[in-house]
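First comes the structure, then the notes that go with it.
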Amino acid sequence: MKYGIVVNTGPYTHQASDSAYNFTAAALGKGHEVFRVFFYHDGVNNGTRLGVPPQDDRNLPEKWSALAEKHRLDLVVCVAAAQRRGVLDADEAKRHGKSADNIAPGFRISGLGQLIEAGIEADRLVVFGD
Amino acid sequence: MIKKFMYLNRKAPYGTIYALESLEVVLIGAAFDQDVSLAFVDDGVYQLAKDQNTDAIGMKNFSPTYKALGDYEVNKIYVDSASLEERGLTVDDLMPLTYEDEDDDWAEKPSIRVVESAELAALMEEQDVILSF
């Protein structure tokens, strides 16, 4: 099965991004393909590397980054949603005159067309978060 | 490959960003030539309310954008009858969204159709992708 994953909530406030991570890791572990994970709404906050959760808690952005590196997973953060919420890569930061970027390794910023494409290409598009 | 995409809108236009960011997906998605429909259920029916005025809350009134959907060939807009009724609304309280039917000499036709829950359920059953906002 080829899955597309959509994550609509940020880490920690809602369990949805944990569930999305666990689903994605399990699907890959079972040999399924994950075409793309698309982060929208507050879900873009999964893509910042500047979060510092307590040491005895999980660090979701780091977990996503590690999963992406292991499986060459495509983690896409919506550019419009990310700009609103201050999730920037180096190019975006430069373009908008911001002093820093915060995108986590393995994530890339792109447009909503990537979400539609995931819906077209995947056998199942699974949405996490409200 | 053409798939059936339904955008399901369940939340009021303001108070959360979901309605606005749903509309952004619909507009971008229109470029992909898929079979697109929109459904408005629960407080989502307020997204289509006429004469929205956001001056007092300091937010952008994005409701005029819905009127452009017809130009993007997004012309299947389903509104849940029970959700309207529960809120004391009728179709006359909604913006009169229209499109020009190229198969009928570009006649202007209404895009909004009020449907019973059972019909909406049947429409959902037909979809390949449902994005709920």
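The values are calculated or read from the model by the stated rules, or taken from the named source; none is laboratory data. The structure presented is a predicted model; accordingly, all values stated were derived computationally and were not measured. Positions of Cβ are backbone-derived with ideal geometry, glycine not excepted, and every protein chain shown enters the neighbour counts.
Per-structure values
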item: Of residues in region B:110-130 being assigned to a strand (DSSP E or B) and within 14 Å of chain A (Cβ to nearest Cβ), the one surrounded by the most Cβ atoms within 10 Å (Cβ to Cβ); result: B:V129
item: Residue match in region A:4-20 (condition: over 10 Å from the mean Cα position of the chain (by Cα) and farther than 26 Å from B:I17 by Cβ); result: no
item: Answer from B:M1, B:M59, B:M6, B:M95 - the residue that is of a type in the set (A, V, I, L, M), within 14 Å of another protein chain (Cβ to nearest Cβ) and farther than 24 Å from B:V129 by Cα; result: B:M59
item: Region A:72-92 - residue that is surrounded by fewer than 16 Cβ atoms within 10 Å (Cβ to Cβ) and more than 14 Å from chain B (Cβ to nearest Cβ) and, of those, nearest to A:G4 (Cα to Cα); result: A:R72
item: Matching entry among B:D71, B:D103 (being in a helix (DSSP H, G or I) and under 16 Å from the mean Cα position of the chain (by Cα)); result: B:D71
item: Residue in region B:28-35 that is within 12 Å of the chain's Cα centre (by Cα) and within 19 Å of B:V79 (Cα to Cα) present; result: no
item: A:Y40 vs. criteria touching a Lys or Arg at 6+ places or on another chain (Cβ under 8 Å), closer than 24 Å to B:I28 by Cβ and within 14 Å of chain B (Cβ to nearest Cβ); result: no
item: Residue match in region A:43-50 (condition: at pLDDT 95 or above, outside any helix (DSSP H, G or I) and more than 19 Å from A:G129 (Cα to Cα)); result: yes
item: Number of positions in region B:15-56 that are among the acidic types (D, E), within 14 Å of chain A (Cβ to nearest Cβ) and part of a helix (DSSP H, G or I); result: 4
item: Index of the failed condition, A:G51 passing every other in (1) within 18 Å of A:E117 (Cβ to Cβ); (2) crowded, with 16+ Cβ neighbours inside 10 Å; result: (1)
item: Subset of region A:102-128 that is under 16 Å from the mean Cα position of the chain (by Cα) and part of a loop (DSSP other than H, G, I, E, B) - its residue that is farthest from the other protein chains (Cβ to nearest Cβ); result: A:P105
item: Yes/no for B:I77 being within 24 Å of A:Y40 (Cβ to Cβ), of a type in the set (A, V, I, L, M) and free of Cβ contacts under 8 Å to residues at least 12 places away in the same chain; result: no
